[in-house]
1. Going by what's in this entry, would A137 be described as modelled with pLDDT of 90 or more, in a helix (DSSP H, G or I), in contact with a helix residue (DSSP H, G or I) (Cβ under 8 Å, 6 or more places away or on another chain) and closer than 21 Å to K42 by Cα?
2. What do you reckon, is L83 under 27 Å from S57 (Cβ atoms) and either over 15 Å from the mean Cα position of the chain (by Cα) or charged (D, E, K, R) (or both)?
3. How about region 176-210: which of its residues are under 23 Å from N38 (Cβ atoms), part of a strand (DSSP E or B) and in contact with a helix residue (DSSP H, G or I) (Cβ under 9 Å, 6 or more places away or on another chain)?
4. Scan region 63-91 and report the pairs whose first residue is under 14 Å from R120 (Cβ atoms) and in contact (Cβ under 8 Å) with a residue 40 or more places away in the chain and whose second residue is of a type outside the set (D, E) and surrounded by 15 or more Cβ atoms within 10 Å (Cβ to Cβ), with Cβ atoms within less than 9 Å and a gap of 6+ or a chain change.
5. Kindly list, by first and then second residue, each pair from a residue in region 100-123 that is under 11 Å from C51 (Cβ atoms) to a residue that is among the aromatic types (F, W, Y) and assigned to a strand (DSSP E or B), limited to pairs with Cβ atoms under 8 Å and residues at least 6 apart or on different chains.
6. Determine, yes or no, whether G56 is modelled with pLDDT under 90, under 26 Å from I158 (Cα atoms), of a type outside the set (D, E) and touching a strand residue (DSSP E or B) at 6+ places or on another chain (Cβ under 7 Å).
7. Working carefully through the options R85, R95, find the one that is surrounded by fewer than 14 Cβ atoms within 10 Å (Cβ to Cβ) and assigned to a helix (DSSP H, G or I).
8. For region 187-201, name all the residues that are more than 28 Å from V49 (Cα to Cα) and not β-branched (V, I, T).
Amino acid sequence: MTFQVALVGEDGLVVGSDRKILYVRNEVPSSVKDVQVNSGPKHTENDEVVCFYAGGSQGFDIAQEIVNHASPERSSSERCENLRRITDDFRSPARGEEILVVRKAQGDLVLINRTDEGARTSPVHEHRCTGVATRSAILVQQFWKRLPVERLRRLALIVMEYAARERPQEVGNGFDLLTVARDGSPEWEFFTPNDSRVIRIVDEFERATF
């Protein structure tokens, strides 16, 4: 499973993802499942775009196809249509794939939702959570404002940490965080499980809130 959060601010955007990867192999009898846990990034990128993927098993393949073929110079409407066509070219049954597509230079964001009815694309102008449903997502609704990305970075880490605590079997193993500021280069940060930097931010949040 996957939990990802995207926050758009006054001077850029922040996207965060957990790193837990579950591989479930059905044994015989079919009621027995072999669950294997690994860690790894849930995004792929080139010099122009980053794609975060959640949901079905084809998420990475779709994201990689976008990285390979999507044109970042299009207008917003043309770009959304281009992303929809790339996604719809995958003819096998959908499993609820969600792809967050970030253009690094422009600092903008598009969400792709793929179901059996086809792909839908929509620009993200405020915030979005993808992947597994968690109660921690309500923190985005309550605390998001169009703030500087440094403050939204803290909110993203708080929300992901609470998601990992709420759904530890499906979310966790550390976090990847991308900050795209309009006046600077994209910046990656990587956080280990129980990272002291994340725990400190959550503790500060709890003292201020409760």
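The values are calculated or read from the model by the stated rules, or taken from the named source; none is laboratory data. This structure is a prediction, so every number in the text was calculated from the model and none was measured. Note: ideal-geometry Cβ built from the backbone for every residue, glycine included; neighbour counts use all protein chains shown.
1. Numbers: modelled with pLDDT of 90 or more: yes; in a helix (DSSP H, G or I): yes; in contact with a helix residue (DSSP H, G or I) (Cβ under 8 Å, 6 or more places away or on another chain): yes; closer than 21 Å to K42 by Cα: yes.
Judged against the criteria, A137 is a match.
2. On the way: under 27 Å from S57 (Cβ atoms): yes; either over 15 Å from the mean Cα position of the chain (by Cα) or charged (D, E, K, R) (or both): yes.
Considered against the rule, which asks whether it is under 27 Å from S57 (Cβ atoms) and either over 15 Å from the mean Cα position of the chain (by Cα) or charged (D, E, K, R) (or both), L83 comes out as yes.
3. L177, E189, F191
4. So the pair list comes out as C80/V110; C80/I112; C80/T121; E81/T121.
5. Between residues of region 100-123 that are under 11 Å from C51 (Cβ atoms) and residues that are among the aromatic types (F, W, Y) and assigned to a strand (DSSP E or B), the close pairs are L100/F52; L100/Y53; V102/F52.
6. On the way: modelled with pLDDT under 90: yes; under 26 Å from I158 (Cα atoms): yes; of a type outside the set (D, E): yes; touching a strand residue (DSSP E or B) at 6+ places or on another chain (Cβ under 7 Å): yes.
So G56 fits the description; yes.
7. Values: R95 fails: assigned to a helix (DSSP H, G or I).
So the residue among R85, R95 that is surrounded by fewer than 14 Cβ atoms within 10 Å (Cβ to Cβ) and assigned to a helix (DSSP H, G or I) is R85.
8. Our first condition is that a residue be more than 28 Å from V49 (Cα to Cα); within region 187-201, this holds for 194, 196, 199-201.
Answer for region 187-201, where residues must be more than 28 Å from V49 (Cα to Cα) and not β-branched (V, I, T): N194, S196, R200.
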